[in-house]
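Asker: Submitted below is the structure of interest, expressed as structure tokens.
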Amino acid sequence: MKVTKRMENDVAVVTLSGKLMGGPDAESVRQVIRDTLDEGTRKIVVDLGGVPWVNSTGLGVLIASHVTASNADAALKLAQVDKRISQIFMVTKLHTVFETHGSVQEALQSFQG
Amino acid sequence: MTTSVKPNEIQLRMPSQIELLDVVDKVAAAIAEQLEFDEEEAHSVANSVLEAATNAIQHGHLLDSSQAVDITFEMTPEALRVTVHDFGPGFDVDAVLNADPTSPDSLLRPRGRGIFIMKSLMDEVSFEIDPEAGCTAILTKFRRTR
């Protein structure tokens, strides 16, 4: 799992590449989210375009990131969620928790609306 | 030494390493394709087998990589039956099977979805727990008549 971050104006775009399945990689995702919030950023897009699948442990990482952001009065949105991950979001009803967008650009634009 | 294998079975024995889940995923996906499951069904199979293997590694063996997880894919004209075995003590099956992680109180909990995902995506899910032999998850996906 590779985690990178870039700023698009006042929005942090956190890009994940690889399988999200727990272990040390999961901690690095959480740390990037925490660092982003500590820096004062309150708008975050997590780009899942490079993530082919997640397991329930990986789901837990996304949920914990969402909760951490919410507790800091920040908004965390997801972009480019694979169909396979969407299937898990649907059965677990996490599609009601996460705001998802088809592209990073779409997610960025949603912050302007 | 002689070994034998059933003509409709594929067996996989792996160390309990989370990093190896991708191997399990690729085998499950290839078998689902071989059995001509459609895309959604193939995702269901792969996602569920991953969850069972994740449970075996994390909960059954507590990430002890010296412990083996055994996965068997049995292919019949009617169904794909996958068994995932670990040597752990098992768990309270009824409590876990009856848990609903989609309830408002549970929705934001970071854990407790693995078996629910399997139940939701496969046609049949059961567990055999033996204090001596360990825990076996049994997942079945029926093949549709096309």
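The values are calculated or read from the model by the stated rules, or taken from the named source; none is laboratory data. Model, not experiment: these values are computed from the prediction. Heads up, the Cβs are rebuilt from the backbone with ideal geometry, glycines too, and the neighbour counts pull from every protein chain shown.
Asker: So how many residues does the stretch B:39-62 have that are surrounded by fewer than 14 Cβ atoms within 10 Å (Cβ to Cβ) and either under 15 Å from B:V125 (Cβ atoms) or within 12 Å of another protein chain (Cβ to nearest Cβ) (or both)?
Answerer: Going residue by residue through the stretch B:39-62, those that are surrounded by fewer than 14 Cβ atoms within 10 Å (Cβ to Cβ) are B:39-40, B:62.
From the residues that got through so far, the ones that are either under 15 Å from B:V125 (Cβ atoms) or within 12 Å of another protein chain (Cβ to nearest Cβ) (or both) too are B:39-40.
Residues that pass the stated criteria total 2.
Asker: So, A:T92, is that one more than 8 Å from every other protein chain (Cβ to nearest Cβ) and polar (S, T, N, Q) or not? Write out each step before concluding.
Answerer: Values: more than 8 Å from every other protein chain (Cβ to nearest Cβ): no; polar (S, T, N, Q): yes.
Criteria not met by A:T92.
Yes/no matrix, rows are residues, columns are (1) more than 10 Å from chain B (Cβ to nearest Cβ); (2) assigned to a helix (DSSP H, G or I); (3) surrounded by fewer than 22 Cβ atoms within 10 Å (Cβ to Cβ); (4) within 12 Å of the chain's Cα centre (by Cα):
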{"site": "A:G40", "(1), (2), (3), (4)": "yes, no, yes, no"}
{"site": "A:I44", "(1), (2), (3), (4)": "yes, no, no, yes"}
{"site": "A:G58", "(1), (2), (3), (4)": "no, yes, no, yes"}
{"site": "A:A64", "(1), (2), (3), (4)": "no, yes, yes, yes"}
{"site": "A:T68", "(1), (2), (3), (4)": "yes, yes, yes, yes"}
{"site": "A:D73", "(1), (2), (3), (4)": "yes, no, yes, no"}
{"site": "A:L76", "(1), (2), (3), (4)": "yes, no, no, yes"}
{"site": "A:I85", "(1), (2), (3), (4)": "no, yes, no, no"}
{"site": "A:I88", "(1), (2), (3), (4)": "no, yes, no, no"}
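Asker: Then there's this: For A:T92, all conditions in the list (1) closer than 17 Å to B:N47 by Cα; (2) in contact with a strand residue (DSSP E or B) (Cβ under 7 Å, 6 or more places away or on another chain) hold save one; what is the number of the exception?
Answerer: Among (1) closer than 17 Å to B:N47 by Cα; (2) in contact with a strand residue (DSSP E or B) (Cβ under 7 Å, 6 or more places away or on another chain), A:T92 violates only (2).
Asker: With (1) within 21 Å of A:I85 (Cα to Cα); (2) more than 14 Å from chain A (Cβ to nearest Cβ) as the list, and B:I71 as the residue in question, which single condition is left unmet?
Answerer: (1)
Asker: If only one of A:S28, A:S110 is part of a helix (DSSP H, G or I) and more than 26 Å from B:D22 (Cβ to Cβ), which one is it? If you could, list the steps in order and put the result at the bottom.
Answerer: Details: A:S28 fails: more than 26 Å from B:D22 (Cβ to Cβ).
Answer to the selection: A:S110.
Asker: Something else about it: Being modelled with pLDDT of 95 or more and away from chain A (no Cβ under 13 Å) is the filter; apply it to the stretch B:95-124 and report the residue that is nearest to A:I85 (Cα to Cα).
Answerer: B:D123
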